[in-house]
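Chemist: Starting off with a structure, shown below.
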Amino acid sequence: MAAITHVPISPLPPERFRELLGAEYGRVEEAIETASSLLAGRVVWHVNSTATGGGVAELLHSLLAYARGAGADVRWAVVGGGPEFFRITKRIHNHLHGLDSDSGLLGEAEREEFLRVNRLAADELAELVQPGDVVYLHDPQTAGMVERLSATGATVIWRCHIGIDRPDPIVRGAWDFLLPLLRDADRYVFSRREYAWEGLDPERVSVIEPSIDAFSAKNEWLPPEVVHAILDRIGLLSDGGAAAVYRRLDGSQARVDRRARIDQDQQLPERAPVMTQVSRWDTLKDPLGVLEGFAEHVDLPDAHLLLVGPDTEGVSDDPEGAEVLGEVRAAREALDPGARSRVHLVSLPMEDVEENAAMVNAIQRRSTLVVQKSIAEGFGLTATEAMWKARPVIVSAVGGLGEQVVDGVTGRLLEDPRDLETFGRLASELLADPALAARMGEAAQERVRTRYLGTRHLIQYVEMLSRMLS
């Protein structure tokens, strides 16, 4: 397995945001002009652990395309690693969220394997990085690369997309494992101020919230007949008359061809109210709680639940996904026939990232309500995506989810993620009241337009680099 893999980036013009942002686009133009001068002769590298699956990879696909379209020499490298490496990094991920369900240790043996993979990747990348370059290392999987890449004379920024508001001993144990590896970074970027770790130099900490791309295959507008056609193709509906087409990020037209793996007793009824959660098959996303809350506490006999995630064979850096999906399948099978017939488990193919995104887009647009009932969450872009589609959301009041949603205005906040009765009641209210759902959905879309689009993200990165490099 290669130590690193380079991901191709096709440029996209930021100009496409002009009509969407109106007068606010002037700030984007100013940032592009600043970046052109600031980054002349420099390469900006981004390094993470996967090019498919998960919010970080998805964010990089569009963010880097617009950065290159603005004239920056941006490049993307992915760290290689075997099953043992990804078991360790998944353990770190869980510990950083306070979850110790696997009872796994982060000891010397784990440190040695973690560093072995990181050193191979860092040594290979260091042959290309030059003094003055900027290197973004994303999330714990890359922490062991900081020291080697700092020695090249590059500016090294460690970007952490995950965190927890109230760290416990399990979380601090993960910090202790990683902190010695991060000392040489020039900057630490977190999604929320509360996520910044104890022990890091506060003068080197920045906060930049994630964002979505309104023009990606996941977020572009789809007419109802195309939504129906895509859901027909993947197996949720039948008799879709239109072509199941969408636009790729580069503007070219494509068609949904692959089918999803779906556990269902029947296809989705044409006009049924639909509650959906889209996430990895991950304990922290609590798909079992969503299923139980729907089956026991949503009091609408015609409502259906879609639990949607990636085909577990297509996500290389999440070895626990198949196990969690198996648990959800078993729980669904244990439901009484009436409840089971209204629950659909949808595993979407990952061979084509943009085709997968178009499937998610169609599913969210068919949904009456989108939920994200996470036990812990770094930011929760699936909620942002649903809000952009003018869908009301119910989210746990954890992490960035609690900041995105204005309770009673753009959706509802669930103060205790494990309170299934309240979860069911809130869901029932929105599923049964289309007018209320529509009002909240419109407010949600406007909140995303003003706060969570990728142009704001680019501006913040340029402002941070300007302070660091000028």
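The values are calculated or read from the model by the stated rules, or taken from the named source; none is laboratory data. Note that the coordinates shown come from a computational prediction; the quantities given were computed from them, not determined experimentally. Heads up, the Cβs are rebuilt from the backbone with ideal geometry, glycines too, and the neighbour counts pull from every protein chain shown. Side chains included, ligands, DNA and RNA excluded: accessible areas come from the protein's heavy atoms. Shrake-Rupley method; radii C 1.70, N 1.55, O 1.52, S 1.80 Å.
Chemist: Within the set of pairs 6 or more residues apart or between chains, which connect a residue that is closer than 22 Å to residue 302 by Cα and open to solvent by 20 Å² or more (accessible area, probe 1.4 Å) inside the stretch 342-369 to a residue that is β-branched (Val, Ile, Thr) and outside any helix (DSSP H, G or I) with Cβ atoms less than 9 Å apart?
Modeler: If the second residue must be β-branched (Val, Ile, Thr) and outside any helix (DSSP H, G or I), the pairs left are 366/274; 366/276; 368/274; 368/276.
Chemist: Also, quick follow-up: Cβ contacts < 6 Å: first residue modelled with pLDDT of 90 or more, restricted to the stretch 55-75; second residue open to solvent by 40 Å² or more (accessible area, probe 1.4 Å) and of a type outside the set (Gly, Ala, Ser), any location; separation 6+ or different chain. Result?
Modeler: 68/11; 69/11; 69/13; 70/32; 74/68
Chemist: Kindly indicate whether residue 144 is at pLDDT 95 or above, farther than 22 Å from residue 97 by Cα and open to solvent by 10 Å² or more (accessible area, probe 1.4 Å).
Modeler: Answer is no for this residue.
Chemist: Open to solvent by less than 70 Å² (accessible area, probe 1.4 Å), farther than 30 Å from residue 14 by Cβ and not hydroxyl-bearing (Ser, Thr, Tyr): which single residue out of 249, 236 fits that description?
Modeler: After applying the criteria, what remains is 236.
Chemist: Among the candidates 447, 425, 391, single out the residue that is closer than 30 Å to residue 187 by Cβ and either open to solvent by 10 Å² or more (accessible area, probe 1.4 Å) or touching a residue at least 60 places away in the same chain (Cβ under 8 Å) (or both).
Modeler: 447
Chemist: Filtering the stretch 352-380 down to residues that are modelled with pLDDT of 95 or more and among the β-branched types (Val, Ile, Thr), which residue is nearest to residue 414 (Cα to Cα)?
Modeler: Ranking the candidates gives 371 first.
Chemist: Take the residues in the stretch 77-120 that are at pLDDT below 95, more than 16 Å from residue 172 (Cα to Cα) and acidic (Asp, Glu), then tell me which one is surrounded by the fewest Cβ atoms within 10 Å (Cβ to Cβ).
Modeler: The selected residue is 108.
Chemist: Within the stretch 413-470, can you find the residues that are part of a helix (DSSP H, G or I) and of a type in the set (Ser, Thr, Tyr)?
Modeler: 422, 428, 450, 455, 461, 466, listed by residue number.
Chemist: Only residues that are under 20 Å from residue 326 (Cβ atoms) and surrounded by fewer than 22 Cβ atoms within 10 Å (Cβ to Cβ): list them for the stretch 271-282, please.
Modeler: 280
Chemist: Can you pull out the residues in the stretch 300-314 that are in contact with a Lys or Arg (Cβ under 8 Å, 6 or more places away or on another chain), closer than 16 Å to residue 350 by Cα and surrounded by fewer than 23 Cβ atoms within 10 Å (Cβ to Cβ)?
Modeler: Once the filter is applied, which keeps residues that are in contact with a Lys or Arg (Cβ under 8 Å, 6 or more places away or on another chain), closer than 16 Å to residue 350 by Cα and surrounded by fewer than 23 Cβ atoms within 10 Å (Cβ to Cβ), the stretch 300-314 yields only 311.
Chemist: Taking the stretch 10-20 as the search range and keeping residues that are surrounded by fewer than 18 Cβ atoms within 10 Å (Cβ to Cβ) and touching a residue at least 60 places away in the same chain (Cβ under 8 Å), which one is nearest to residue 64 (Cα to Cα)?
Modeler: 10
Chemist: So for the stretch 260-268 (the condition being surrounded by 18 or more Cβ atoms within 10 Å (Cβ to Cβ) and within 26 Å of residue 449 (Cα to Cα)), does at least one residue qualify?
Modeler: No, every residue in the stretch 260-268 fails to be surrounded by 18 or more Cβ atoms within 10 Å (Cβ to Cβ) and within 26 Å of residue 449 (Cα to Cα).
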